[in-house]
Amino acid sequence: MPSHDLFLATAVALPFLGALIAALLPSNARNLEAWLAGGVALAVLLMVWLCYPAVAAGQVLRTEIPWVPTLGLDLVLRMDGFASVFAAMVAGIGFLVVLYARYYMAPEDPVPRFFAFLLAFMGAMMGLVLSGNLIQLVFFWELTSLFSFLLIGYWQHSAAARDGARMALTVTATGGLALFAGVLVLGHIVGSYDLDRVLASGDRVREHPLYLLALGLILAGALTKSAQFPFHFWLPQAMAAPTPVSAYLHSATLVKAGIFLMARLWPVLAGTDAWFWTVGTAGLATLLLGAYVAIFQHDMKGLLAYSTISHLGLITLLLGLNSELAMVAAIFHTLNHATFKASLFMAAGIIDHETGTRDIRRLSGLNRSMPFTARLALVAAAAMAGVPLLNGFISKEMFFTEALTATTGTFTLLHAALPIAATIASIFAVTYSLRFVHGAFFGPDTDALPKTPHEPPQWMRVPVEVLVFGCMVVGILPAATIGPFLDVAVRSVLGGATPEYSLAVWHGFNLPLIMSLGALAGGVLLYLLLQRHLNAGVEGTPLLERWDGRRIFDDVMVFLSWRFARTLERLLGTRRLQMQLRLLVILGFVAAAWALSPHGLRPGPVAMTGIDPAIAIIWAVGAACAIGAAYQAKYHRLAALILLGGVGLVTCMTFIWFSAPDLALTQLLVEVVTTVLLLLGLRWLPRRIESRGAGDLRARLRRWRDIIIAAVAGAGLSALSYATMTRASPDGISRFFLERAYSEGGGTNVVNVILVDFRGFDTLGEIVVVGVVALTVFALLRRFRPARESIEVPEQQRDEEGSRDGDWLMIPAVIMRLLFPAIGVIAIYLLLRGHDLPGGGFVAGLTFSVAIILQYMAGGARWVEDRLRVHPLRWMAAGLLLAAGTGIGAAVFGRPFLTSFFAYADLGWLGKLPMASAMAFDIGVFALVFGATVLILIAIAHQSVRSQRAAPRLEQPAGDA
C-alpha cells in the first residue's frame, strides 16, 4: 500500500479504533483517556499534514478498496486541497477540544463514554470529508447524526439533553434520508457515484430533466444539517450538551457538514437560478433571523448558538450567489468562524465551570476575578463582530464586496436587498458580541453567583489561547498565514475558474469599509438603546414570541407520532396475524400482476414432460396434508401442525427427486426445528371462541374468502413458475455458476459456493436478519419471563418431580443425552464438507440446534442453560463478527468485500487438503444460526416454565391441543 493510501486509511480508521479502546478503559482513568483521545487527534492531524505537500502540488490522492464493483460501489478515500483543509480543521480543533474536556468534565462523569463518542464522531467527520464516493459520503453523513445524538444526550439524566438530542437526530437524520435520495438521483444522472466523475459532469447534471429533483433533495440534507431556515430550531436545543461538545459540533464539524457538501458539489449544482433562489434565500433569512434572535438570549451558549446560525447563514448566502469570489469568501469565513466560535464556546464553558452559571443577567464584573479569560473572550468576540485586524473582519469585508457586486442573470430585488441585509446583520452581530462581553465581564461585582469566580486551570485555558492567537495572526497577516491553505482549498473546488483575490488588510477607503464602520457604530448604538430592555430580563424575542421553532417541532411530532400514527393503526392495524397475512398476500399478488401486466404471462416453448406416477403420488399426499392442515386448524391445532410438517416433508422429497440435496437437507432440518419451536408455543395460544348463529355465518364467509385468496395467489405463483420453467436459456445464470464455482470459488458444491462467495453479501444480510429475528422474539417474550422467586420450587418438591419424571423419561433422557455428541460430530462433518458436498454452515447450525433441542426435551431449559452453559448471544456475536471479518480481510488485501481465496495445503502422505477462506465465513454462519435458534428456544421455554408454574392453566376446548 503506498504511503498516501496508508495515511488516508489511518486518518479515517484510527478515531474509530481509539473510540473502541476508550470505551473499554476504566472510568477513573481520566488522564489516560484524555491522553488516548488527544494522541489519536494528533495522529490524525499528522496523517493529514503528511498528505498536504502532495495536495498542495495539485494532486488528488485516492485510495480505492473494492466493495461491489459491478454496482459502482467501492470504498474510496479522496483528498484534495479542500478536503485536506477541512480534515485539518476537524482534527486540529478536535485535539484542542480533547485538552479542554480533560479539565471541564467532572470526575463523576462517565468519561470513557464521552471520549469514545467524541472519537467516533471525529472518525465519522473524517470519513465524510475524505469520501470519494457519494454513497459512502451519505453513510458517514448519517454516522455524524448518530454520534452527535449520543454526544448531545450525553447527560442522560437531563430532560433538556434528551429532548435536544432527539430533536437534532430527527431533523438531521430526516435530511439525511432526503440527501440519500438526492444522491441516488444524481448518480443516475451521471451514471456513477464516484466523486471525480460527478464533479466532472456539471453541465450534464444542470441540463438534465431530473436536476431540480436532485437539487431539492440534496439541499434538504445540507440545509437541515447546517441549521438553515426553516430547519434552524434544532441547534439551540442542542446546547444542553457539555460545552466541549458544543464547541466541537457547532464550530468545526457537525453544522459545517452541510456547508462542506454545498461547497463540494458547487461545481455540479451551482450556476442556475434555482440554486441562487433556494440557497441564497435560505442563507439570507438565516443570517438575519439568527443574528436578531441572538441579541435577546440570556444564556451565553444560547447566544452563541443563534450567532452560529447567523454565520452559517452568511456562508450559505455566499455559496448561493453563483460567484467564484463569493466561494472564496465562503471558504475563508468557514475557517475563521471555526476559530473564533470554538474559542467563544470554550470561554462560555470556563465561565460556567468557574461561576456555576451561564446566565448573562446574573454575571457581572468577571473582568476583575478572571482577567485572562476576559481578554481572550474580548478578542474572540471582537473577531465575531468583525473588528479590524482580526480574522472575522477580512472575511466580512469580502462578504460586503460580494453583496455589492453579486449578479446572476438579471438584477432582482434580492440583489438590491443584499447590501442592506448584510449591513443590518453586521449591526446585529456587533450588538450580540457586545452583550456577550459587556454583560459578563464588565459592570459591578456580584455576590449572587453559585461559585466564587476565579481563573481556570492553565491547561484548560490553553486551547482558547491558541484559537484566539489564530484570530489575531490571521487578522494581521492573512496572506502569510492562512493564504496558502486557502488558495489550495479554493483551487481544488474551482479549478481553472479560480479568480484573482487579495487577502490584504487594507484595500483603501471604499464602500465595504464604510459599511463595516457603519455596522460597528450601529451595533454599539443599538446595544445602548436595548440595554434597558435586556437588563429587565424579559424572556422571549420581540416580534417573534409566537414563532417558537421548538413548539412547532413538538406539535409536528405529536401529530405524526400520535394522531397520524393512531389513524393509520386504526385503519391498517390489527392484533390478528391472519388479517396481516391476508393483506400481505393480496399486496404481493397485486404487485406481481401489475409488473406482469404490460408483458403478459405465457408459457415458453419447452414442452412439458410426462408425469411420473411416483412424484404425482407424493404431491397428492402433500396436497392432502395441506388441505387437512387448513381444515384441522379450526378443530385441532396439534393435528394441523403435524399435517403441516407432512407438507414440509413432501417438499423435502421433491427437492430430492429433482436432485437438490442441499435444499432437501435444509428443508428437513428446518421442519424439525420449527415444529419443535411451534409445539412449545402452540399450547399457549389464546382460546378459540366458538361462534353461533350470525357469527357462525360470518366465520364461514371469512373462511371462503380466505380460500379464494389462497387459491388465486397459489394459482398465480404456479403459473409464474410454469412460465419460468418452460423457458430454456443457453446463456442463463446457472451456466455461469456451474462453470466458475470451482475455478473462482474453490468448491464443487455450487449451491454453497454461491452462498459464501458469489452471493456472500446477500448471505451476510440474511444471517443478520436471522439474528435480528431471534433478538426480537427474545425481547417480545422477556415480559413473560417470571422473576426467579416466582418459578423456584423447593428442593424436596424438585426431587419428587424429578423422580416422577425419571420413572417414565429415564431411558429416553439417557438416549437423548448420548445423542448429543453424535449429532455434534455430524454437524461438524456437514460444516467441513459443505464447500464440496451437500452441507454448509446453515445446515450444520440447524443440526447442532437439534442436539440442543433434544437436551431441552430431556432436561428442560434450565438444564440447557446451567449444565451445557450455552450462551446464545455470544454465539451470535462471534458468528456475525467472524462472517464480517472474513469480508473485511478480503478488503485488507485489496479485493472486493467477501471475496474468497482458496488453495491446497500439502500434508505429505495425507495428501492435499483444500483450504478456502469461505470456510471462516461458513463457520460464522454456523455460529449465528445455532445461537439464534437456541435463543428462541430459551425464550419460548421460559414462557412455558412460567405458564406451568406461575400462571393458571388455560382451559382448552375439547379436542384442542
Could you check MET557 against (1) surrounded by 13 or more Cβ atoms within 10 Å (Cβ to Cβ); (2) closer than 23 Å to SER395 by Cα and say which number it fails? (2)
Looking at SER721, SER734 in this structure, which one is outside any loop (DSSP other than H, G, I, E, B), exposed (fewer than 14 other Cβ atoms within 10 Å of the Cβ), of a type in the set (S, T, N, Q) and at pLDDT below 80? SER734
Going through (1) closer than 21 Å to HIS454 by Cβ; (2) in a helix (DSSP H, G or I) one by one, GLY443 fails only at (2)
Counting just the residues of the stretch 402-459 that are β-branched (Val, Ile, Thr) and buried (at least 17 other Cβ atoms within 10 Å of the Cβ), which one comes out nearest to GLY320 (Cα to Cα)? THR408
Among (1) modelled with pLDDT of 85 or more; (2) not in a helix (DSSP H, G or I); (3) not basic (Lys, Arg), where does MET915 come up short? (1)
Which of the residues belonging to the stretch 749-772 are within 14 Å of GLY845 (Cβ to Cβ) and surrounded by fewer than 17 Cβ atoms within 10 Å (Cβ to Cβ)? GLU766
Close pairs (7 angstrom Cβ cut-off, 6 or more residues apart or separate chains): more than 16 Å from LYS396 (Cα to Cα) in the stretch 466-486, of a type in the set (Val, Ile, Thr) and surrounded by 18 or more Cβ atoms within 10 Å (Cβ to Cβ) anywhere: LEU467/THR339; VAL468/VAL379; GLY470/THR339; THR481/VAL474; PHE485/VAL85
Do you know which of the residues in the stretch 862-889 that are crowded, with 20+ Cβ neighbours inside 10 Å and under 25 Å from THR10 (Cβ atoms) is modelled with the lowest pLDDT? GLY887
The correct count of residues that are more than 35 Å from the chain's Cα centre (by Cα) and either over 19 Å from VAL770 (Cα atoms) or surrounded by 24 or more Cβ atoms within 10 Å (Cβ to Cβ) (or both) in the stretch 836-852 is 6
Filter pass, ALA377 being under 35 Å from the mean Cα position of the chain (by Cα) and surrounded by 22 or more Cβ atoms within 10 Å (Cβ to Cβ): no
The residue that is surrounded by the fewest Cβ atoms within 10 Å (Cβ to Cβ), considering only those in the stretch 194-209 that are part of a helix (DSSP H, G or I) and free of Cβ contacts under 8 Å to residues at least 40 places away in the same chain, is ASP203
Given (1) in the same structural domain as LEU529 (by TED's automatic domain parsing); (2) more than 28 Å from SER201 (Cα to Cα), VAL245 misses just (1)
Residue satisfying condition, being surrounded by fewer than 10 Cβ atoms within 10 Å (Cβ to Cβ) and among the aliphatic types (A, V, I, L, M), within set ALA640, ALA595: ALA595
Take the stretch 152-209 and flag every residue that is β-branched (Val, Ile, Thr) and farther than 30 Å from LYS301 by Cβ. VAL183, VAL185, ILE189, VAL190, VAL198, VAL205
Regarding THR339, is this residue part of a loop (DSSP other than H, G, I, E, B) and either touching a residue at least 24 places away in the same chain (Cβ under 8 Å) or assigned by TED's automatic domain parsing to the domain that holds PRO450 (or both)? no
Answer with yes or no whether VAL40 is buried (at least 20 other Cβ atoms within 10 Å of the Cβ), farther than 23 Å from PRO267 by Cα and under 25 Å from the mean Cα position of the chain (by Cα). yes
Considering only residues that are exposed (fewer than 12 other Cβ atoms within 10 Å of the Cβ) and either within 39 Å of the chain's Cα centre (by Cα) or not hydrophobic (A, V, I, L, M, F, W, C) (or both), which ones fall in the stretch 503-512? GLY508
Counted residues in the stretch 210-254 being in a loop (DSSP other than H, G, I, E, B), buried (at least 20 other Cβ atoms within 10 Å of the Cβ) and either in contact with an Asp or Glu (Cβ under 7 Å, 6 or more places away or on another chain) or not β-branched (Val, Ile, Thr) (or both) come to 11
Taking the stretch 4-18 as the region of interest, how many residues are touching a strand residue (DSSP E or B) at 6+ places or on another chain (Cβ under 6 Å) and buried (at least 22 other Cβ atoms within 10 Å of the Cβ)? 1
Restricting to the stretch 478-500, give me the number of residues that are surrounded by 12 or more Cβ atoms within 10 Å (Cβ to Cβ) and more than 40 Å from the chain's Cα centre (by Cα). 1
Which one of LEU503, LEU467, LEU486 is under 28 Å from TYR248 (Cβ atoms), assigned by TED's automatic domain parsing to the domain that holds LEU389 and touching a Pro at 6+ places or on another chain (Cβ under 7 Å)? LEU503
Which of the residues spanning the stretch 170-193 are over 30 Å from ALA240 (Cβ atoms) and either surrounded by fewer than 22 Cβ atoms within 10 Å (Cβ to Cβ) or without any contact (Cβ under 8 Å) to a residue 40 or more places away in the chain (or both)? ALA181, GLY182, LEU184, VAL185, GLY187, HIS188, ILE189, VAL190, GLY191, SER192
Consider THR654 against the criteria (1) surrounded by 17 or more Cβ atoms within 10 Å (Cβ to Cβ); (2) in contact (Cβ under 8 Å) with a residue 24 or more places away in the chain; (3) within 30 Å of ALA699 (Cβ to Cβ): it satisfies all of them except one. Which criterion is unmet? (3)
Single residue of the stretch 339-366 satisfying the filter (in contact with a His (Cβ under 8 Å, 6 or more places away or on another chain) and under 29 Å from PHE86 (Cα atoms)) that is surrounded by the most Cβ atoms within 10 Å (Cβ to Cβ): PHE345
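Per-residue answers, yes or no, for (1) assigned to a helix (DSSP H, G or I); (2) modelled with pLDDT of 90 or more; (3) among the basic types (Lys, Arg); (4) assigned by TED's automatic domain parsing to the domain that holds LEU287:
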residue: HIS415; (1), (2), (3), (4): yes, no, no, yes
residue: ARG435; (1), (2), (3), (4): yes, yes, yes, yes
residue: HIS454; (1), (2), (3), (4): no, no, no, yes
residue: MET472; (1), (2), (3), (4): yes, yes, no, yes
residue: ARG491; (1), (2), (3), (4): yes, yes, yes, yes
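The values are calculated or read from the model by the stated rules, or taken from the named source; none is laboratory data. Remember, predicted model here, so these are calculated numbers, not experimental data. A quick note on method: Cβ atoms are made from the backbone with ideal geometry, for glycine too, and the neighbour counts reach across all protein chains shown.
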